[in-house]
Amino acid sequence: MSDETHQPPVPPSSQRTGGPTRRRFMVYSLAASTLTVAAPGACDSSQATGAEPVAEGVRRPSDVLVTGADEEMLVLEVTAANKVVVRLPRVEVGQGITTAVAMMIAEELDAALADVDIPLADARTKGNQYTGGSSSVSSLYGPARALAATARAKLVTAAAKRWRLPARTLRTRDTMVIAPDGRKATFGSLTASAARISRPAVPSKPKPASRHRVIGRPTPRIDARDIVTGKARYAGDLSAAGAKPTVVARPPTIGGKAVSVDAAAARAMPGVLAVLKIAGGVAVVAESFHHAFKARDALRITWAPGPLASLSDAAIRARLRAAVPRFEAPPRRSSLLEAEFAFAFVSHAPMEVLTAVADVRANRAEMWFSSQTPMDARDSIAAAIGLPASSVRVHVLRGGGSFGRRLNYDAAIEAALISKAARRPVKLMWSRADDIRHGRMRPASHHRIRAAVARGRVVAFEHATASVNESYDDGGPSAQGGVTAAVARAGRAPAAGPVPSDSGLYNFGRVSGDSGGVSLAMNLGAWRSVDSGTTRTAEEIVVDEIARSLGKDPVAFRRTTLRNKAVRAVLDKAAAAGHWGRALPAGRAQGIAVHEEYGSCVACLAEIDATDPENPRVTKVVMAADVGTAVNPRGLEAQLMGTAIDGISTVLQAGLHIDRGAVREDSFADFRYARQRHAPLHFEAHILPSRREPGGAGELGVPAAAGAVANAYARATGTRPRRFPINF
């Protein structure tokens, strides 16, 4: 929540700290009136730089705080009310990270999961608050468990002193310490005395995997009831600081500018508080969103066209094709299989539209929004409104979806600028059309692949790409969107070679490639799985075509050429569970694909009904994944199900058209993301057991799902799809 060629980079915040890796942290405790444990890397101060208090009214002041430079800077508190509170330095955008961390804490602390509270941390001044690159679970797994194990050791020691019993004779369960004679003490009743303990009387190491009772067990989300009952709070639910509803009239073309504005009719309408010309258009502040939208529609604006007004899809595709680097001479005495692929722009389109609350004053500012990069967001907001970063407070809220969109904070910067100009707090909402037409999107790209085959095997494999890059001219998208260099790295870095084949997934002899680009003044952003979603899709299509040219079954061919045993294992599991090779009627077929990334691997088998090629339906999806330790298998299954829908959408039907400098789509009515009627009738996920530490999973399944759907469509229709989405 995204950064890179294909491996996620070191987050810029961690680069600033120069701290140790997650496997080299230590745990320190706080002398406090309640038990509070921090997980830093080195003792450097008596103050908690960048650490926030827990929920209002819960945490009492600490007497002495021992902390350091660990990237996660976790703080665990056990309150007198017997609640375990860990403020999470990541954002919850539906991926279930709060549940996964709560499970880690509950496991090591022997707490009831219902007693663990995982609120989101405000933007800090140091540490790692980056949510993206499928890294959250893997980066928090060690620190969170060690943190809880230390807290448990202190609580047990406190109970032993109270009861005058050997600490080793006590046990913990359901947020309580239990004596051999049956006496019980809640963690909350022990918190004050446990906070004063510096040397626990029992070991404080995390449990071995063989003793896990929570981690690895399929678990419902801890916030599920709040989400379905409407209790969960999003930015649009806030009435913070008396912020007034705000919307923006935006140009018809990307990057267009308002030349003149007649706002007389809008200002005269009931409930209108302010009309302001801003960089991105004309803002309307009103008493309600109903009033704001009505007034926005009453504005009479003359627009100057944006810098892309002469460009449409065909011209962009031609430029991309021309920008793909040429291949070197192929190996002698080899036959060549060549293919080219074009992928359209794709919107993130999270269900919750972008919303930000801003209260900007002369000497301070306070913001509320969902962000995957809150520290960078705070710094950019401060620069935009002319305040030091120390005077800007950013509250991180849960997001209703992201898929990489909330790595950027366009709406938050715009809200801050409007609040400053209007001299009042505002709640800015981007409509669905605003974000689809003027927000960020996955870049369009063009791929050229050439496989050289000799003596029945691939002896060379080349993959060259070109994608649209964001222009950073003054006043362009970066100025409006506030993309710092760090976030630009996180969101979209030019490919530095053939990806992802350079990971050695297949034994294809000499693997090579190069990349080019076309710079355009438009807003781009990391879209779930970043480059892998297109590069692996294209490569898996070619792998199928190589197998066909050699007269081999696609699964059998992959088995003999895959280098990694773990990838072969997930391939075998998906093929067996999905009954690969079973007879299907004409117009229906199976497809399969694999992917390896983030220390994890996955295989996907898809069945499609393409008897009507213009309206294909994926009827069945079977996925198998090895992600190391799966903290919450139920959450992982949900992630894989989501990636299957992403693959179905972007391969078959969902993309954005550029038409004379404008995005043609503006809602789910024409940006045709998969709906219930497009979802597979049958879905199953198989999680292979493993005792390795967790790898990444959030983005893992997209390339395999997309490749499997494309291959199924090709076999069902007897075609070779080359442009995606197919029905565009």
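Readers should treat all values here as calculations from the given coordinates under stated rules, not as data from a laboratory. None of these values were measured; they are calculated from a predicted model. Virtual Cβ from ideal backbone geometry, glycine too; neighbours counted across all protein chains shown.
When the chain is fully extended, how far beyond the present Cα-Cα distance does Glu287 get from Ala383, taking 0.36 nm per residue of separation?
Details: separation 96, 0.36 × 96 = 34.56 nm, distance 2.88 nm.
Between Glu287 and Ala383, full extension yields an extra 31.7 nm.
At R0 = 35 Å, how high is the FRET efficiency between Ser312 and Leu681 if r is their beta carbon distance? Nearest 0.05 is fine.
On the way: r = 37 Å, r/R0 = 1.07.
Step by step, r from the Cβ atoms, then E = 0.40.
Output the peptides 219-226, 361-368, 103-110 sorted from most to least packed, where packing is the average of other Cβ atoms within 10 Å over each peptide's residues. Before the final figure, lay out each step's value.
Details: 219-226: 15.9, 361-368: 17.5, 103-110: 25.6.
Final packing ranking: 103-110, 361-368, 219-226.
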Residues with amide H under 5 Å of Ser471's amide H, sequence separation 5 or more or different chain, H placed in the peptide plane at 1.01 Å from N; which?
Leu520, Ala521, Met522
Let me spell out the model: positive unit charges on the Cβ of Lys and Arg, negative unit charges on the Cβ of Asp and Glu, origin at the Cα centre of the range 441-724. What dipole size does that give, in debye rounded to 20?
960 debye
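Say the cut-off is 30 Å between C-alpha atoms; which of Lys184/Lys207; Lys257/Lys427; Lys126/Lys205; Lys83/Lys231 go over it? Show your work: numbers first, answer last.
Details: Lys184/Lys207 22 Å; Lys257/Lys427 23 Å; Lys126/Lys205 27 Å; Lys83/Lys231 19 Å.
Exceeds cut-off: none, every pair is within range.
Taking Rh as the Kirkwood radius computed over C-alpha pairs, what is the Stokes-Einstein D of the range 441-724 at 4 °C in a medium of viscosity 1.567 mPa s, expressed in µm² per second?
Numbers: Rh = 19.5 Å.
Rounded, D is 66 µm²/s.
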Over the range 107-146, what number does the Rg to Rh ratio reach, with both radii from the alpha-carbon atoms and Rh per Kirkwood?
1.00
Under 19 Å from the Lys257 label point (7 Å along Cα→beta-carbon), backbone N, the range 658-694:
661-662
Please arrange Tyr673, Tyr409 by how many other C-beta atoms lie within 10 Å of their C-beta, fewest to most.
Tyr673, Tyr409
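What FRET efficiency comes out for the pair Arg548/His657, r = Cβ-Cβ distance, R0 = 35 Å, nearest 0.05? Walk me through the intermediate numbers first.
On the way: r = 32 Å, r/R0 = 0.91.
After rounding, the FRET efficiency stands at 0.65.
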For the range 158-172, just list the computed ³J(HN,Hα) in residue order, Karplus coefficients 6.51, -1.76 and 1.60, θ = phi - 60°, integers in Hz, with x standing in for Gly and Pro.
4, 5, 4, 5, 5, 8, 6, 10, x, 4, 5, 8, 8, 9, 10
Globularity ratio of the range 635-699, using Cα Rg and 2.2 N^0.38 Å:
1.50
Report the Stokes-Einstein translational diffusion coefficient (µm² s⁻¹, integer) for the range 66-180, Rh taken as the Kirkwood radius over Cα pairs, at 25 °C with viscosity 0.890 mPa s.
164 µm²/s
Listed by chain and number, the lysines with an alpha carbon less than 17 angstrom from that of Lys620, same-chain partners under 8 positions apart left out, are Lys573
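Please work out whether the range 552-659 counts as rounded, prolate or oblate from its C-alpha gyration tensor, where a ≥ b ≥ c are the square roots of the eigenvalues and a/c under 1.5 means rounded, while otherwise a/b larger than b/c means prolate and anything else oblate?
On the way: a/c = 1.82, a/b = 1.24, b/c = 1.47.
Here the range 552-659 falls in the oblate category.
Once the Cβ-Cβ distance between Arg720 and Ala576 is put in as r, and R0 is 35 Å, what FRET efficiency do you end up with, to the nearest 0.05? Display every interim value, and only then the final one.
On the way: r = 28 Å, r/R0 = 0.79.
Approximately 0.80, to the nearest 0.05.
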Around Leu120, which amide H atoms from residues at least 5 apart in sequence, or from another chain, sit under 5 Å from its own amide H, with H modelled in the peptide plane?
Leu88
Would you kindly compute the Cα radius of gyration of the chain and its largest Cα-Cα separation (Dmax), both in Å?
26.9, 83
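Taking the Cβ of each residue in Ser139, Ser260, Ser210 as the centre, tally the other Cβ atoms inside 10 Å and list the residues starting with the fewest. If you can, show how the numbers build up before the last one.
Numbers: Ser139 23, Ser260 10, Ser210 6.
Arranged by neighbour count, lowest to highest, Ser139, Ser260, Ser210 become Ser210, Ser260, Ser139.
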